[in-house]
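Read through the structure below, which is laid out as structure tokens, and then see the notes.
The values are calculated or read from the model by the stated rules, or taken from the named source; none is laboratory data. These numbers were taken from a predicted model, which means no experiment stands behind them. Cβ atoms come from the backbone with ideal geometry, glycine included; neighbour counts cover every protein chain shown.
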Amino acid sequence: MASLLSLLALLSPAALAFSGSYVGGPGDRPQNRESQAVMARSGEATTLTLFNDVQAGQRVFGLVVPVPVAIDAGNVRVIEPDLLRGIEQYSGPRTTELTCVDLYFTPADDPSSGCSSGRRPGTDTAWFDDSTDGVSVEDEVTGVTVEDRFTVGEYEAFVLQGEDAEGLQAWLSQEGLALPEGAEDVLQETINKGHYFLALRAELAEVPAEQTWLTPIQIGFSSTSWTLPLRLGTFSSGGLQDLVLFLLTDAEMGEIGIENFGPPAEIPSECLLSSPQDAGPVYQRLLAQTLGLPERPEDLGGATGLAWAVEHQWENGECEPCTQPGRLTGAEVEALGLPDGRDPYVFTRLRLRYTPGAMPEDPRFVATGQPVEPIQKRYYVGSWEIAGELPSCEPEPIADVGPCYSASWMAYREHLDIYEQPTLAIEEPDGCNHKRALLLLVLPPAFGLLRRRRRA
């Protein structure tokens, strides 16, 4: 039977910072290489969840995030860090063991039949309140208005509105939150759009030395525009940045795209690995080839660019095969920002890779309304017979190719009498039958040959 071996270990565990803009005090030069963030969108309500890491030797953590509307303490909260682990395991590329048996079983009924993810019918009530009641205080020297100031989790938070980039930078520097050099023009463009800024600061003296993360911060607001403020974060770049963005959206919105970044690249999958240990390096090589940019900034060689791809896309948080602990629960969906754990919904995982000067504007997301085509990046390992049925993930063909219709395999099939077994299912502890066979890989020509030889 096909069995899930592992989720590919593709991201550094200490690289979970959002691509807002890192800021810091004198002597701190924080950089952002890899980022992960969650964006939930229901109607005009948007929830951003930002996962923040800390770097060795850093004394103060700081982050500045543009937001399109005024917010206050009612729009900002912290959530459990374990949520990131769950969505990463659910949506990440995976290696799966495959046998000839899996290729030739007849598809069963919906594997999720009779199973419950614990979701509830949705409502239109967002978790945040857009009515601001903070007390504004204007700094006459810098022209910056502090719309609100509050504490959330370990963060000291400021909601700011600036008249110009120079004054806002001066105010941030006074507070030990200096922006990286070169950010003035993008900062001024953002101010000209009427955006506000959420500045976060956390003193790291009380953070255990072995801890590399802070509590995830969540920002909720309503806006007709649907963008992600990435450009300001490019000034924290070491030359190359990766963003893994998890999107949760209402089902009626259909497939989600980025309307101003061109079409997505297609990462190859559904191919055979030499061994499970090859999974991580092979996937990184496929990413580099598909996106046109290397994994490491030191390998750029002067290259620049921006590319994006869909790594996972499925309605109602489905998957085949699923990793443990499986699909997101209704409570997890609600915690990430969809009202009342909305069902149905669409989960999309995007990867963006870019060099600092290659992003002329922030990404604008669009709901296409098109039916959602399931996408999941699967990579297989199996016995020598499978090598004749699947393309190789490697540049060189895998040795010992032996298709499933060999004489020894025919004898094995006759012994099992598998034609009288229409499905392959595993009874899980939750009482659900989860089909493990990857049935999209049925090969009709080989199947026909097997049937003819059996009748002979």
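Determine whether Thr132 is modelled with pLDDT of 70 or more, among the hydroxyl-bearing types (Ser, Thr, Tyr) and in a loop (DSSP other than H, G, I, E, B).
Against the criterion (modelled with pLDDT of 70 or more, among the hydroxyl-bearing types (Ser, Thr, Tyr) and in a loop (DSSP other than H, G, I, E, B)), Thr132 does not qualify.
Given the options Ala335, Ala358, Ala331, name the one that is touching a strand residue (DSSP E or B) at 6+ places or on another chain (Cβ under 6 Å) and over 19 Å from Ser269 (Cβ atoms).
Ala358
Against the conditions (1) assigned to a helix (DSSP H, G or I); (2) of a type outside the set (Phe, Trp, Tyr); (3) on the phi > 0 side of the Ramachandran plot, where does Gly262 fall short? Just the number, please.
For Gly262, the exception is condition (1).
In the stretch 200-246, how many residues are among the small types (Gly, Ala, Ser) and under 20 Å from the mean Cα position of the chain (by Cα)?
Total satisfying the criteria: 3.
Do the conditions hold for Ala279, that is, is it modelled with pLDDT of 95 or more, of a type outside the set (Ser, Thr, Tyr) and assigned to a helix (DSSP H, G or I)?
No, not satisfied.
Out of contact with any Phe, Trp or Tyr (no Cβ under 6 Å at 6 or more places or on another chain), under 30 Å from Gln324 (Cβ atoms), modelled with pLDDT of 65 or more and not β-branched (Val, Ile, Thr), is that true of Arg94?
In short, yes.
State the number of residues belonging to the stretch 159-185 that are outside any helix (DSSP H, G or I) and either under 11 Å from Gly62 (Cα atoms) or of a type in the set (S, T, N, Q) (or both).
6
Could you check Leu293 against (1) part of a loop (DSSP other than H, G, I, E, B); (2) modelled with pLDDT under 95; (3) surrounded by 15 or more Cβ atoms within 10 Å (Cβ to Cβ) and say which number it fails?
Only one criterion is unmet by Leu293, namely (2).
For residues that are surrounded by fewer than 23 Cβ atoms within 10 Å (Cβ to Cβ) and either in contact with an Asp or Glu (Cβ under 8 Å, 6 or more places away or on another chain) or in a helix (DSSP H, G or I) (or both), tally how many sit in the stretch 352-363.
Total meeting the criteria: 3.
What residue, of Arg120, Arg201, is modelled with pLDDT of 85 or more and of a type in the set (Lys, Arg)?
Arg201
Give the number of residues within the stretch 140-151 that are crowded, with 16+ Cβ neighbours inside 10 Å and either among the aliphatic types (A, V, I, L, M) or modelled with pLDDT under 75 (or both).
Within the stretch 140-151, residues that are crowded, with 16+ Cβ neighbours inside 10 Å and either among the aliphatic types (A, V, I, L, M) or modelled with pLDDT under 75 (or both) number 2.
Any idea which of (1) under 30 Å from Gly43 (Cβ atoms); (2) in a helix (DSSP H, G or I) is the one Gln188 doesn't satisfy?
Every condition holds for Gln188 apart from (1).
Whether any residue in the stretch 364-384 is assigned to a helix (DSSP H, G or I), of a type outside the set (Val, Ile, Thr) and either more than 16 Å from the chain's Cα centre (by Cα) or surrounded by fewer than 15 Cβ atoms within 10 Å (Cβ to Cβ) (or both) is what I want to check.
Scanning the stretch 364-384, I find at least one residue that is assigned to a helix (DSSP H, G or I), of a type outside the set (Val, Ile, Thr) and either more than 16 Å from the chain's Cα centre (by Cα) or surrounded by fewer than 15 Cβ atoms within 10 Å (Cβ to Cβ) (or both), so the answer is yes.
Quick one: Arg29 ticks every box in (1) modelled with pLDDT under 50; (2) farther than 20 Å from Leu187 by Cβ; (3) out of contact with any Gly (no Cβ under 9 Å at 6 or more places or on another chain) bar one, so which box is it?
Status for Arg29: all satisfied but (2).
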